[in-house]
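Heads up: the structure comes next, in structure tokens.
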Amino acid sequence: MEREKIEISQKHIPLRIAAFVLAFVVAVGSITAGVLKIGKKGPGYRTVETDPDEAAPLYAAGVTLTYAFSGSSGEIKTAYNALRTDYGTALCGAYKLLDAESEYVGLANAATLDRNRGETFFLDPRLYAALEDALEKTERRQGYNLFAGALFTAWGEILTLAEPQEFDPLHDSFQAERLERLARATEDLSNFTLALDPAALTACFSVSPEYEALLRELEISGPVLDFNLLREAYELTMTAAVLEEKGWTAGYLTTEGGLTLALSGQTSGEFVLYGNAGEPAAALQIPVTGGAAASALRAFPLTAGELGYYAPDPGNGETLRHAATPAAGEGETPVISVIAVSRTGDAAEAAFACVSLMTCHESGRVGEAASALKMPAAYILAADPGTVVRSPAALAEDGWTVASPYVLK
């Protein structure tokens, strides 16, 4: 079978959370090279479509399943239809559980907890596990915050503008004060309580009166409890688990937020990190292994006019705005591109690793943060855009190759 090249998508678009949602998107190379063609179903990689769901019309937006089919035309058609049903059901179920904007009949999800603060709900084990993991990552205080929904909403009002510089905190004193107050309150984890009972699989979320009052004063609506930067990671993990259970293993899932999760039978291809040494381009290729997950973030646009990325002061490249800006807050942007790979398929941990490096404000701390990662990672610094730096955990891996003019360190 023809070798499939997997590129982590890195464009920037809003996530599929209604009010706003930041994410990072991918420049898709040959990911969808095997688009399903009506009337012709030969062997090879094909993009699997999904059936619509009236309650969640956007559940499949920004997520792609690419699968390697084999056999006769009839066998492929039968397999495709079966996979289409299994994939759609799994993805839609995961989407609804993690949705912080909308509630669904008969289902306790993230929105249920946020809209019914102070009440206790029995949860699907998958949602419970995601909340438990996200809370633990929040408590590490390394850039990620499960309770930053309001902060993402406020920043999103700026990041998604066609000309955001005028309203950036560096130039707009009103926005500067507004975002600073909200960021400081969001960083104070005493403002939030997420009580989890592992024996009963129940959860209860509450917010301090002071934080509630601040949101009213700043006229910010929308959820507080929001998986934000890790939502797609949990979504892919849930979806892949169902596919594997049903025997679908020869393919991979990608998102427009920069995530790729290879199913256990996907043993070829490369994860790609993009750089910006002169112009945006692929800088590094990392071999894919079965069941591996990769996450990538960047602080620059891949195409002219791409929303969500900008320099508030074009003459000073030390500060850049990007998808993780709400988590990063104010300060310089030493890391302009990063990729992390979990060989065990822990997409959330890979995404968290990227966030932790992208939110380092001091270049001197980046190496220390990379050394603390337990998975292979690589990053590019603004001060040296032609060099790809590997983390210590990546040095033992083979097959990592850089494209000219990049140097691998």
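The values are calculated or read from the model by the stated rules, or taken from the named source; none is laboratory data. Not measured: the values here are computed from a predicted model. Don't worry about glycine lacking a Cβ; one is built from the backbone with ideal geometry, like all the others, and counts go over all protein chains shown. Side chains included, ligands, DNA and RNA excluded: accessible areas come from the protein's heavy atoms. Shrake-Rupley method; radii C 1.70, N 1.55, O 1.52, S 1.80 Å.
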On the accessible surface of the chain, probed at 1.4 Å with all protein chains in place, carbon and sulfur together account for a percent value of 52 percent
Taking only C-alpha positions in the stretch 110-267, Rg and Dmax in angstrom work out to 18.2, 56
Of 373-379, 255-261, ordering from highest average Cβ density within 10 Å down gives 255-261, 373-379
Under 15 Å between C-alpha atoms, the lysine pairs in the chain lying 8 or more places apart or on different chains count 4
With Rg from the Cα atoms and Rh as the Kirkwood inverse mean 1/r over Cα pairs, the stretch 244-381 has an Rg/Rh of 1.00
Share of Cα-Cα pairs in the stretch 315-397 beyond 16 Å, whole percent, is 48 percent
GNM on the chain, Cα springs under 10 Å; top mean-square fluctuation among Val341, Val272, Val366 goes to Val366
The size of the Cβ-based charge dipole (Lys, Arg +1; Asp, Glu -1) of the stretch 94-143 about the Cα centre, to the nearest 20 debye, is 120 debye
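Round to the nearest 0.05 the FRET efficiency obtained for Ser73 and Ser404 when R0 = 41 Å and r is the Cβ-Cβ distance.
0.45
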One finds the C-alpha centres of the stretch 228-257 and the stretch 111-188 to be spaced, in Å, by 24 Å
Checking rank on 73-84, 134-145, with mean other Cβ inside 10 Å and highest first, the result is 134-145, 73-84
Heads up, the stretch 144-184 by the C-alpha gyration tensor (a ≥ b ≥ c square roots of eigenvalues; a/c under 1.5 rounded, else a/b over b/c prolate, else oblate) looks oblate
For the stretch 303-409 the GluC sites (Glu not before Pro) that pass both the DSSP coil test and the at-most-11 other-Cβ-within-10 Å test are Glu362
The Rg/Rh figure for the chain, Cα atoms and Kirkwood Rh, to two decimals is 0.96
